[in-house]
Amino acid sequence: MEYQDLRIVENPTLVREHALDKLRNAISRGLYPPGMRLVERELCEALGVSRTSVREALRQLQAENLIEVGKRRNITVAVVSAKDAEDIYLMREMLETLAVKRFVALADENAIKKLVRIHKDLRKVLNKGDVRELAIMAGEFYETILNGSGSKVIADMARQLLTRVNYLRMRSMAEPHRLEDGMHEWDRLIEAIVERNANAAAKAMGEHLANARRAIVAKLQQEEEQAAAAVPERAAATRRSG
């Protein structure tokens, strides 16, 4: 996704929903990374919509915990801590293992074929090493399972988590061997789904999400430790320069 992709070229009745979707995707796909400040005027220019529409979209993004509003209404993309990431992935394990069991039981052949096609495309993208595209396609993979789970409650709850996970997923996939390991985990998952083995599918999904959780939590913990260690160093440098 690029900045020019943000602009809303149509004049739909529900402009706010279009603006909300554009900004949500921009955050989840890393165009606006965690910690980045968002300026209303710049968002209006990028989207081509009124400040009112942008503000309404931002209020919804704040409710979804994707952005934070600080003093003087400074708006920043929310930063997910290692603890937050661990909790998010634990919730995903609970919801998506249940979702995939229901998918196996309820999905028709077209839904199964769609999932198999996405899986094949994932492998092609993996061979190209395009982490951003792989993360986007992985989101489509999980979305297909949620859509076929037959439960609006499970799907809605899981989607809220997936919106916060998309950027983390790219970070996790960038870790050594995580792409290859993740692909093998998807292989086992799709095999169980095609065989209509609900228990095996739930087990494969749980193992996959647990491994992804460990990878991203370790990455974030390392970054938090490095940031904490850098604080006294910067303070000491400031005192020396003063």
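Which of the residues that make up region 101-119 are over 12 Å from Val194 (Cα atoms) and open to solvent by less than 20 Å² (accessible area, probe 1.4 Å)?
Correct list: Ile118 only.
If I filter region 34-64 down to residues being assigned to a helix (DSSP H, G or I) and of a type in the set (Asp, Glu), which single residue comes out as most open to solvent (accessible area, probe 1.4 Å)?
The first filter runs over region 34-64 and keeps only residues assigned to a helix (DSSP H, G or I), leaving 40-47, 51-63.
Now narrow it down to the ones that are of a type in the set (Asp, Glu): 40, 42, 45, 56.
Details: Glu40: 24, Glu42: 95, Glu45: 113, Glu56: 67 Å².
Once the filter is applied, the top-ranked residue is Glu45.
Being in contact (Cβ under 8 Å) with a residue 60 or more places away in the chain, under 15 Å from the mean Cα position of the chain (by Cα) and open to solvent by less than 20 Å² (accessible area, probe 1.4 Å): is that true of Leu189 here?
Values: in contact (Cβ under 8 Å) with a residue 60 or more places away in the chain: yes; under 15 Å from the mean Cα position of the chain (by Cα): no; open to solvent by less than 20 Å² (accessible area, probe 1.4 Å): yes.
Judged against the criteria, Leu189 is not a match.
I'd like to know if region 135-153 contains one or more residues that are closer than 27 Å to Glu223 by Cα and among the polar types (S, T, N, Q). Give the derivation first.
Of the residues in region 135-153, the ones closer than 27 Å to Glu223 by Cα are 135-139.
Then keep just the ones that are among the polar types (S, T, N, Q); that gives none.
Scanning region 135-153 turns up no residue that is closer than 27 Å to Glu223 by Cα and among the polar types (S, T, N, Q).
Going residue by residue through region 42-60, is there one that turns out to be at pLDDT 95 or above, touching a Leu at 6+ places or on another chain (Cβ under 7 Å) and hydrophobic (A, V, I, L, M, F, W, C)?
Looking for residues that are at pLDDT 95 or above, touching a Leu at 6+ places or on another chain (Cβ under 7 Å) and hydrophobic (A, V, I, L, M, F, W, C), one finds none in region 42-60, hence no.
Pairs under 9 Å by beta carbon, first residue touching a residue at least 60 places away in the same chain (Cβ under 8 Å) and open to solvent by 50 Å² or more (accessible area, probe 1.4 Å) in region 151-180, partner in a helix (DSSP H, G or I) and acidic (Asp, Glu), six or more apart or different chains?
The qualifying pairs are Arg164/Asp84.
Need the failing condition index for Leu122 against (1) of a type in the set (A, V, I, L, M, F, W, C); (2) over 30 Å from Ala192 (Cβ atoms); (3) assigned to a helix (DSSP H, G or I), just the number.
Unmet condition: (2).
So Ile27 clears everything in (1) in contact with a Pro (Cβ under 9 Å, 6 or more places away or on another chain); (2) over 29 Å from Lys152 (Cα atoms) except one condition, right? Which one?
If we test Ile27 against (1) in contact with a Pro (Cβ under 9 Å, 6 or more places away or on another chain); (2) over 29 Å from Lys152 (Cα atoms), just (2) comes out false.
What is the number of the single condition among (1) part of a loop (DSSP other than H, G, I, E, B); (2) surrounded by fewer than 18 Cβ atoms within 10 Å (Cβ to Cβ); (3) in contact with a Phe, Trp or Tyr (Cβ under 8 Å, 6 or more places away or on another chain) that Arg196 does not meet?
Failed condition: (3).
The values are calculated or read from the model by the stated rules, or taken from the named source; none is laboratory data. Because the structure is predicted, anything quoted here is derived from the model rather than measured. No Cβ is skipped: glycine too gets one built from the backbone with ideal geometry, and neighbour counts run over all protein chains shown. The accessibility values were calculated without ligands, DNA or RNA, using every heavy atom of the protein model including side chains. Shrake-Rupley method; radii C 1.70, N 1.55, O 1.52, S 1.80 Å.
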